[in-house]
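Student: The structure's right below; bear with me while I get my questions together.
Coordinate-derived values only; no laboratory data. For clarity, every value in this text was computed on a predicted model and none was experimentally measured. Positions of Cβ are generated from backbone atoms using ideal geometry, with glycine treated the same way; all protein chains shown enter the neighbour counts.
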Amino acid sequence: MSDIGRKDLHTKLGESIVPDSTKSTQQKVKETFTDTGDKVVRGVQPDSSKSHGQEFTDKAGRSKDREVHGSTGGSIVDKAKHAVGLDRH
């Protein structure tokens, strides 16, 4: 089960198991958009308001993103605030 507007674990696993070489361009584009939307919601919604399963998969996803992309660990909202200068007190 997933929170509203989120991909559930079953969908994420299914997408990752199927090799990209067997997916259509339309399928790849759809997955890219839904992955991006899922990451945005993941960054905006606090862990305290998520289901246990969603909280676990989000923490695992953030950990992977930091490892792969060298992220500082801030949320998307924090990064956007920094980009426009709203993080200065």
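Student: Return the FRET efficiency for the residue pair S16, S49: r is the Cβ-Cβ distance, R0 is 35 Å, and the value is rounded to the nearest 0.05.
Tutor: The calculated FRET efficiency here is 0.85.
Student: Compute the length gained on full extension between V84 and F33: take 0.36 nm times their separation in residues and subtract their Cα-Cα distance, giving the result in nm to one decimal.
Tutor: On the way: separation 51, 0.36 × 51 = 18.36 nm, distance 2.42 nm.
Length difference between fully extended and current span is 15.9 nm.
Student: Can you give me the distance in nm between label points at V77 and K23, each placed 7 Å from the Cα along the Cα-to-Cβ direction?
Tutor: 2.9
Student: For K7, which lysines qualify as cross-link partners when the Cα separation must be under 22 Å and same-chain residues fewer than eight apart are set aside?
Tutor: Those lysines meeting the cut-off are K23, K28, K30, K39, K50, K59, K64.
Student: Give the whole-number value, in cubic angstrom per residue, of the convex hull volume spanned by the C-alpha atoms of the chain.
Tutor: 122
Student: Going by alpha carbons, how many degrees (0 to 90, nearest 10) lie between the helix axis of 52-69 and the longest principal axis of the chain?
Tutor: Roughly 80 degrees, rounded to the nearest 10.
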